[in-house]
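All remarks here apply to the structure that follows.
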Amino acid sequence: MTSLFISSFFLGIAFCAPPGIVAAETIRRGLAHGFRSALLVQFGSLVGDSTWAAIALTGLAFIIQNWLARSLLMLVGLVLLTKLALEALRDAWQGTNPPASPDSQRGDFATGAVLSLSNPMNIIFWTGIGATAFASLPGTPQPIHFVVFFIAFLSGSFVWCFFLAGLVAWGRRYITPTFFRAINLLCGLLLGYFGLQLGWQLLMAA
């Protein structure tokens, strides 16, 4: 049981750590508005992470396999990614400076949640991990094993949320207007790339 908790805890960190859609928006909003904004985006992403984990662990794979449900999720993600990419590129073009106040904008939590829920990588990850997470356990996994896995995975993700938000907030003090403009440009291009990738997958699924 202890080994399951430890491995699941680090799996949560490993799942959140790679650069991606949520990380890009966390950095962009965190540099603009501070620790609270970055943390809310990260907390919002946990909604998607925990939802897909629950789906995988309860065997509700039909949601993933349903073409209409999958396409609607991807469409929502495409719209949101396009909006965020355009906002970042607009700020880069206009040379918008980071605000002096660290107050969070509205929608940080919701943005993180929608990005995570509509991210096709989450679907791919949990489709695979749902079948292999308990392969090392002897015999048939019991309900307590699923509970331990779920709690440990979210605990690792929760720790990463604070780490990334803190790292972004700490780096904010060293941000110059030119560097912030470059960050907006980089995040805008990255979000746009993810949007194009998601749009292509949506077309291929049609």
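The values are calculated or read from the model by the stated rules, or taken from the named source; none is laboratory data. Quick caveat, the model's predicted, so the values are computed rather than measured. Don't worry about glycine lacking a Cβ; one is built from the backbone with ideal geometry, like all the others, and counts go over all protein chains shown.
Scanning the stretch 164-206 for residues that are more than 12 Å from residue 31 (Cα to Cα) and aromatic (Phe, Trp, Tyr) yields 193, 194, 200.
In the stretch 8-54, which residues are surrounded by fewer than 16 Cβ atoms within 10 Å (Cβ to Cβ) and either touching a Phe, Trp or Tyr at 6+ places or on another chain (Cβ under 6 Å) or among the hydroxyl-bearing types (Ser, Thr, Tyr) (or both)? Selection gives 50 alone. Taken together, the residues in the stretch 152-206 that are among the charged types (D, E, K, R) and in a helix (DSSP H, G or I) amount to 2.
Please go through the stretch 146-182 and give me each residue that is among the charged types (D, E, K, R) and either under 15 Å from residue 23 (Cα atoms) or without any contact (Cβ under 8 Å) to a residue 12 or more places away in the chain (or both), ordered by number. Within the stretch 146-182, just 173 meets the criteria.
Results for (1) over 17 Å from residue 111 (Cβ atoms); (2) touching a Leu at 6+ places or on another chain (Cβ under 6 Å), shown as yes or no for each residue.
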site	(1), (2)
1	yes, no
4	yes, no
11	yes, no
16	no, no
21	no, yes
31	no, no
38	no, no
41	no, no
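Yes or no, residue by residue, for (1) of a type in the set (A, V, I, L, M); (2) in contact with a helix residue (DSSP H, G or I) (Cβ under 8 Å, 6 or more places away or on another chain); (3) at pLDDT 80 or above:
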position	(1), (2), (3)
88	yes, yes, no
93	no, no, yes
102	no, yes, no
113	yes, yes, yes
132	no, no, no
139	no, no, no
148	yes, yes, yes
153	no, yes, yes
156	no, yes, yes
